[in-house]
1. In the stretch 320-391, if every C-alpha pair distance is counted and binned at 5 Å from zero, what percent goes to each bin?
2. How many percent of Cα pairs in the stretch 162-207 exceed 16 Å?
3. Past 25 Å, Cα to Cα: identify those pairs from LYS141/LYS166; LYS141/LYS583; LYS622/LYS824, in the order given.
4. Excluding ligands, DNA and RNA, what is the solvent-accessible area per residue of the stretch 405-560 at a probe of 1.4 Å, expressed in Å²?
5. Nearest 20 debye, what's the magnitude of the dipole of the stretch 601-683 about its Cα centre given +1 on Lys and Arg Cβ and -1 on Asp and Glu Cβ?
6. Exceeding 19 Å between C-alpha atoms, which entries from my cross-link table qualify? They are LYS238/LYS342; LYS342/LYS378; LYS342/LYS512.
7. Could you compute the FRET efficiency for LEU187 and PHE371, with r as their C-beta to C-beta distance and R0 at 22 Å, rounded to 0.05?
8. About its Cα centre, how strong a charge dipole does the stretch 485-559 have in debye, to the nearest 20, once Lys and Arg get +1 and Asp and Glu get -1 at the Cβ?
Amino acid sequence: MSFGGFLENSTGGGGARIVADIPFRNSNINNHHNMPSGALAQPRLVTPPLTKSMFNSSPGLSLGLHQPNIDGQADMARMAENFEANVGRRSREEDHESRSGSDNMDGASGDDQDATDKPPRKKRYHRHTPQQIQELEALFKECPHPDEKQRLELSRRLCLETRQVKFWFQNRRTQMKTQLERHENSLLRQENDKLRAENMSIRDAMRNPICSNCGGPAIIGEISLEEQHLRIENARLKDELDRVCALAGKFLGRPISSLANSIGPPLPNSSLELGVGSNGFGGLSTVATTLPLGPDFGVGISSGLPLVPAARSSAGMTGLDRSIERSMFLELALTAMDELVKLAQTDEPLWVRSLEGGREILNHEEYMRSFTPCIGLKPNGFVTEASRETGMVIINSLALVETLMDSNRWAEMFPCMIAITSTTDVISSGMGGTRNGALQLMHAELQVLSPLVPVREVNFLRFCKQHAEGVWAVVDVSVDSIRETSGAPTFVNCRRLPSGCVVQDMPNGYSKVTWVEHAEYDESQVHQLYRPLLSSGMGFGSQRWIATLQRQCECLAILMSSSVPSRDHTAAITAGGRRSMLKLAQRMTDNFCAGVCASTVHKWNKLNAGNVDEDVRVMTRKSVDDPGEPPGIVLSAATSVWLPVSPQRLFDFLRDERLRSEWDILSNGGPMQEMAHIAKGQDHGNCVSLLRASAMNPNQSSMLILQETCIDAAGSLVVYAPVDIPAMHVVMNGGDSAYVALLPSGFAIVPDGPGSRGPTGNGNNSNNNANNGGGGGGGSGPHRVSGSLLTVAFQILVNSLPTAKLTVESVETVNNLISCTVQKIKAALHCES
């Protein structure tokens, strides 16, 4: 509420006049006292033009007393007229200003007007156009608190003053707060009425106890009447406390009292016992660690979370719908967290060891007995995959939690698994400046690098909870079932059941990470070649998450180290050049993955050409105004094949620059020389290299190839792209790599998975398999041929004009390139089928 006013002397004998300018802005008072919008409007009495303010230096409420002239009847009459006129005008102005911020006043507010020798200028109000309101509402949904730069840009675009935009957002936030509080008050009032009615019924029952067996008056036995009354009252009060705490935590968005901790020992399900089992909490088993976690919702985890207003509201949802949805999200997150911790702690019979490879398999019968499905029953046609993996990672728990709760850093940590991700809503930002209790709604596209496996698009809740000092858990769970109940039609090919990780700090600076991955997906959309890999959990499962996390953290540790690994050939490259080169390689790999899986990172158009092999996917897109790519029509072609070769041997063959001429037509038929080598891990296969192809004759010019290779327990990758020599000189000297144009190609290698379709071996191919290295794929039977799933992908500029049309010859050329490359690899490895 702002006040501005002053008392002025009249030189004409008109007596004293009061000028009050009280623009009423705080709608909370209006709401809380149930008063009409104009009830607090004050009169504004206009001074004659020849007066002078006594309090020019005070912009606030200035009042002065002067001797009234009791003989000035004419002035008194004029004052009465002005009073009535201004009361009506102020009432209309207040009603005008309270309309959701859509109408704004031209000129300064009451707080900013200074008294001058001239009479106060009459305020002019400006009603925004529908287009302006629509623009303002759209930005308000994205950002309720725009900064000065955003307000300035919006005012220029809408032809408004910056103050008008500022006041509009202030009024809009006030209106939203008022509506929410009015709704909360209504809910609390209903709950209060319900409790009062229950109280009356209990009192009546206490006065006239009735036997439930015979219906006659009850006779209290050994328990005294006073003790019976106390027990009944105690049970009622505890039930009332639980309900009030739950209601406050869900709807008020404020911390609730932990009074429940002082009224007695916690219930068995309101504590999380760590140190049980031997799969992730052995270090805590020496302490009887039972953590009371505050008022309980009945699922085992405290719900005293500071909720924040939604950053983005769903279209078409009312305030009540939004509050109900948020409460459902909170309850789902708590249930999912409870399930994740139990899945991470419990061993047999919930998890059993596989006879093949010793990996852990979820016992689904035991799972159904132990847990109630928190997102509904499995859809028809869906199959289940579940896996658990534990590993040591060179990162502390706080850093890992921050990475997982930040969508951009999460995508950078798992570049080949996450195509694109975003945080769509922040429900809770955590408590005490930490991520403890953080709850947010996220969207992600998960991928396996093959055109035969569709991208998994998931909308899920991510909830973070600290369970002890140095022990954190982060859980994900799909929310599509909640969105369906709210009326939003959804079609999903994957549902993420409670999945995530439990992280425990170790004394040596490492963390012990137990990862659980549990999902249901539509197997009919997956090619037969990749079904064994996905059903075993090796495609999207915990083994891949842990392996990628270990490799990326090891790479970060090496890059942050002051010493350069001894095998780095970077004598001519500065420290800034190493960073620029690694950044360029990361962009190359990201673009390669986007071309293989057809994610929404780029807008691809799929081609159904009759002259293309059945398992080859060909897509096109236009490259315009991207300094990191050559302009024109980009064609991407990818396919996946099975090879009876171990993944390790296949990876070593493809990354060896000395053997590159056996499959790469760009090598000019000769060996390549490694000009630079930057290590990214302890394994020699994790590196970035710069290769040079020697010219075979004077008419050919030498060229450079940037190559990145990486390998871990879940698979390997070889990505390369021709680069311009002058541009790479700039990068190696620390220049900006964003302006180096490249189109990547490469290979992705994964084990074929247990039960793969690898052919049954006879004597000949059994010998071949032994010579080729064997191993690595799994399967069953003594004659099972182990192998690899190899994905080959090329991105080629077929026309430098973005408006050009794609020709049949271009498609045939790329198709022949893929077929020829695959045949050369098979011939070099002696595994022709």
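1. With a bin width of 5 Å, the distribution comes to 3, 12, 20, 21, 17, 13, 7, 4, 2, 1, 0.
2. Summing the P(r) tail past 16 Å for the stretch 162-207 gives 61 percent.
3. LYS141/LYS583; LYS622/LYS824
4. 31
5. 260
6. Numbers: LYS238/LYS342 28 Å; LYS342/LYS378 21 Å; LYS342/LYS512 17 Å.
Those over the limit are LYS238/LYS342; LYS342/LYS378.
7. On the way: r = 31 Å, r/R0 = 1.40.
Calculated transfer efficiency: 0.10.
8. Magnitude of the dipole: close to 60 debye.
The values are calculated or read from the model by the stated rules, or taken from the named source; none is laboratory data. What you see is a predicted model; the values in this text were computed from it and never measured. Every residue, glycine among them, receives a Cβ derived from its backbone with ideal geometry; neighbour counts consider all protein chains shown. Remember, those area values only see protein heavy atoms, side chains included, never the ligands or the DNA or RNA. Shrake-Rupley method; radii C 1.70, N 1.55, O 1.52, S 1.80 Å.
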